[in-house]
Amino acid sequence: MLEKTFYKSLLSHSFNIPVKIIFWDGSSVVYGDGEPEVTITFKEKIPIRDVTKNASIALGEAYMDGKIEIQGSIQALIESAYESAGSFMRNSKFRKFMPKQGHSEKESESDVQSHYDVGNDFYRLWLDDTMTYSCAYFTGGNRDDLTKAQEDKVHHILKKLDPQPGKTFLDIGCGWGTLMLTAAKEYKLKVTGVTLSEEQYRFVQDQIKKDGLEDVAEVKLIDYRELGNQQWDYITSVGMFEHVGKENLGLYFKDIYRYLKDDGVALIHGITRQQGGAYNGWINKYIFPGGYVPGLVEMIQHIEENQMQIADIEMLRRHYQRTLEIWDANFNAHRTQIQDMMGERFTRMWDLYLQACAASFESGNIDVIQYLITKGASGKNLPMTRDYMIK
């Protein structure tokens, strides 16, 4: 009886769409007016102490374990919870516990490999042909397919740098290499990519050999903090700073400064909260160990403190929402195959992750921002207007 009273109180003001709750004893309640858009079924009680310790971990684990079933769109459900002022997802008392984090070089290596070394075969099933695992850029809106949008994102980033042939380029956290290899092949740059993922490292090495780029491209399996005294004309870092941890953000930008030549240009692309930095307990525990989403003001402060200036800022929130929606559709199109490969619990976990992130972007809880920064006066060697970025 106590549990049901608790959950009725917890959920009664948590959604701005009509939601039906079915409890473990078969009783049910509908919150909101109209036909329920989503039905949540509790197959068993989730201990109150677990929810009050950290709701995202407790409820996420319950869904992974099949203790909770959801009929309807998980994305719509979570987006409505972010939109509701009275939601438990906006109540700090349900987010007070966080798993312990560390960001030593060894811990960072372990964190990255736990996520990206799940296996290239897994990612091939639901990423696009470019194997790009970051926000795409939809120049044609919803008409663009994902491969085109990822290629357009790569060119959008590189054009912002105004790269000159023959100059040097560093990609920190190079993923499966699309950005750095495009910079070498189409922009005639001498490129270096770094990753901590052995799967990605081997993949990029193979691509360099396949494309005959050994003279102009290299990939290193190394922590970016260990690159020594070398400097580059251009630096990109896409979907990387979310991994370094709050305590290391200043050091991350210190390294960007150190690796840039004087008047060099860097494009830093990553998830940022306009409302201020945040963790998510469930995502930190199961998807991105060590992850931290910094706030916009926090990012700008670190850039300024490390003697760099901002030449341009662009928000791409809606683009990441669309990217995640396509990823989840691709994921579910291969759900049976993924479940055979990885198991049911893993499959439920990743589906929840993709839809929850799409909901977080849709609601504006998080954003993805591109920071164009220069070592020296802002945009000193860049064109006077932004027109060059879209030609």
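The values are calculated or read from the model by the stated rules, or taken from the named source; none is laboratory data. Note that the structure is a prediction, hence the values are computed from the model and not measured. FYI the Cβ positions are ideal-geometry reconstructions off the backbone, even for glycines, and counts take in every protein chain you see. Each accessible area value is taken on the protein alone, full model and side chains, heavy atoms only, with ligands, DNA and RNA left out. Shrake-Rupley method; radii C 1.70, N 1.55, O 1.52, S 1.80 Å.
Things to note:
- Check on V297, in contact with a strand residue (DSSP E or B) (Cβ under 8 Å, 6 or more places away or on another chain) and open to solvent by 20 Å² or more (accessible area, probe 1.4 Å): no
- The number of residues in segment 282-294 that are in contact with a Lys or Arg (Cβ under 7 Å, 6 or more places away or on another chain) and either surrounded by fewer than 19 Cβ atoms within 10 Å (Cβ to Cβ) or aliphatic (A, V, I, L, M) (or both) comes to 1.
- Search result, residues across segment 15-32 that are under 25 Å from S363 (Cα atoms) and open to solvent by less than 60 Å² (accessible area, probe 1.4 Å): F15, I17, P18, V19, I21, Y31, G32
- Taken over segment 264-281, the residue count meeting the criterion of being within 27 Å of E61 (Cα to Cα) and open to solvent by less than 10 Å² (accessible area, probe 1.4 Å) is 3.
- Residue among G270, G290, G276 that alone is within 26 Å of K159 (Cα to Cα) and either without any contact (Cβ under 8 Å) to a residue 12 or more places away in the chain or not in a helix (DSSP H, G or I) (or both): G270
- Members of segment 134-185 found to be touching a residue at least 40 places away in the same chain (Cβ under 8 Å) and at positive phi, listed by number: D162, G173, G175, G177
- Pairs, first without any contact (Cβ under 8 Å) to a residue 40 or more places away in the chain in segment 186-210, second in a helix (DSSP H, G or I) and small (G, A, S), C-beta under 7 Å, six or more apart: V191/A183; V191/A184
- Residue identified as at pLDDT 95 or above and either in a strand (DSSP E or B) or small (G, A, S) (or both) among I313, I326: I313
- Residue in segment 356-372 that is open to solvent by 60 Å² or more (accessible area, probe 1.4 Å) and aliphatic (A, V, I, L, M) present: no
- Of all residues in segment 113-144, those that are in contact with a Lys or Arg (Cβ under 9 Å, 6 or more places away or on another chain), assigned to a helix (DSSP H, G or I) and open to solvent by 40 Å² or more (accessible area, probe 1.4 Å) total 1.
- The numbered conditions (1) assigned to a loop (DSSP other than H, G, I, E, B); (2) touching a helix residue (DSSP H, G or I) at 6+ places or on another chain (Cβ under 6 Å) are all true for S378 except (2).
- Tally of residues being assigned to a loop (DSSP other than H, G, I, E, B) and either at pLDDT below 95 or at negative phi (or both) across segment 32-71: 14
- Options K261, K285, K254, K246: the member that is touching a strand residue (DSSP E or B) at 6+ places or on another chain (Cβ under 9 Å) and among the basic types (K, R): K261
- Some residue of segment 323-341 being surrounded by fewer than 21 Cβ atoms within 10 Å (Cβ to Cβ) and either touching a Gly at 6+ places or on another chain (Cβ under 9 Å) or on the phi > 0 side of the Ramachandran plot (or both): yes
- Each residue in segment 145-169 was checked for being farther than 25 Å from P383 by Cβ, at pLDDT 95 or above and in a loop (DSSP other than H, G, I, E, B), and 0 of them qualify.
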